[in-house]
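Trainee: One structure follows; several queries about it will come next.
Read-outs: derived from the displayed coordinates by stated rules, not from any lab. Since this is a predicted model, take the numbers as computed values, not measurements. Every residue, glycine among them, receives a Cβ derived from its backbone with ideal geometry; neighbour counts consider all protein chains shown.
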Amino acid sequence: MVTGRTKTFVDGFDEALSGGIPGNKIVLIKGSTGTMKSSLAYYILSKNASAGKNSLYITFEQDRKSLEQQMSSLGFMDTKGENLLHIFDLSKGKERLEELSEKIRKMGEDGSVASQGGKRQDLVISLLRRKIDEMRDRMGFELVVIDSLDGLHLVMNPENARVSMFEFFEWMRRAGLTCLVVCEESLESSDPKGPEIHYEDFLADGIIELRMEPINNIDIQRRIRCVKMRGTNHSTDYYSFFYDGSGFEIAKAIST
Ligand SMILES: Nc1ncnc2c1ncn2[C@@H]1O[C@H](COP(=O)(O)OP(=O)(O)OP(=O)(O)O)[C@@H](O)[C@H]1O
Ligand SMILES: [Mg+2]
């Protein structure tokens, strides 16, 4: 079980988090499109890899090539830590997971995964858990990114996604994993799907919000804030969030 904190390596932000993200926690990285959610998640893993920590990045959205191209353009492909950051490409997740689940169904009615409830959403989570377990046995990581929850939702049957996800988060905590879950936040202030869709906010132990803030009628500035982090005395302020050419840093945001 991991008890230490995982540093974000965002200059100034770890201090605002009392040292970083606590171990065995599920933390959402939430924001609208283009707010650099994936970049931040990848940056945290790459910096931790450079510090000798193994990690796994599960991508349901961008494929490995596109992800690596972008991270390389940002200078996040650290050669020292490269072989400690593992990418599991499920960008064609639906096809790949359906293919796998079909094979398992064919294994017979009493096949271990097929008999775990029979619901499709449980099957997807069971397959994912198996795969994470199997990869962890080989690679020994404690830090996982899921990019994104919305991508995972597309693969799952949305019915009872909340229950399945609750169990999945519980399983990850028990397995001693610290998990960063990237989440798309609608640009619309009133979400027609209602509050049910935001169940992840209270299932998660922490939320880091990224946003783009208009500072006048032309300029936009990136912002970051820790909305919640269980077990942590943290700042809830918005900070300006900068990419400085090789990494991220924060500065006190000036009220507009
Ligand atoms: N080399 C770079 N230098 C500076 N900024 C960059 C660079 N590459 C990408 N960006 C910025 O990062 C943004 C994309 O970041 P990222 O893909 O992490 O966002 P995201 O929040 O994950 O988006 P999505 O919702 O599409 O998944 C781009 O729109 C651009 O503003
Ligand atoms: Mg992304």
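Trainee: In sequence order, what are the phi-derived ³J(HN,Hα) couplings for segment 34-39 according to the Karplus relation 6.51 cos²θ - 1.76 cosθ + 1.60 with θ = phi - 60°, rounded to whole Hz, with x for glycine and proline?
Mentor: x, 7, 6, 4, 5, 4
Trainee: Using a basic spin-label model with each label point 7 Å from the Cα along Cα→Cβ, how many nm lie between Lys131 and Lys65?
Mentor: Taking the two extended label points, one gets 1.9 nm.
Trainee: Could you pull out every residue, at least 5 positions away or on a different chain, whose amide H is within less than 5 Å of the one on Ile21? Hs are placed 1.01 Å off N in the peptide plane, and Pro or chain starts have none.
Mentor: The answer is Thr6, Lys7, Thr8.
Trainee: Apply the Karplus parameterisation 6.51 cos²θ - 1.76 cosθ + 1.60, with θ equal to phi minus 60°, to every residue of segment 158-170 and state each ³J(HN,Hα) to the nearest whole Hz, in sequence, with x for glycine and proline.
Mentor: Values, residue by residue: x, 5, 6, 4, 4, 5, 4, 6, 4, 5, 5, 4, 4 Hz.
Trainee: Strictly greater than 16 Å: what percent of every Cα pair in segment 201-250 meets that?
Mentor: 51 percent
Trainee: Also: Name the residues whose placed amide hydrogens come within less than 5 Å of the amide hydrogen of Ile215, ignoring near sequence neighbours (fewer than 5 apart) on the same chain.
Mentor: Under 5 Å from the amide H of Ile215 lie the amide H atoms of Ile220, Gln221, each far enough along the sequence or on another chain.
Trainee: Can you give me the distance in nm between label points at Val227 and Ser32, each placed 7 Å from the Cα along the Cα-to-Cβ direction?
Mentor: 1.4 nm
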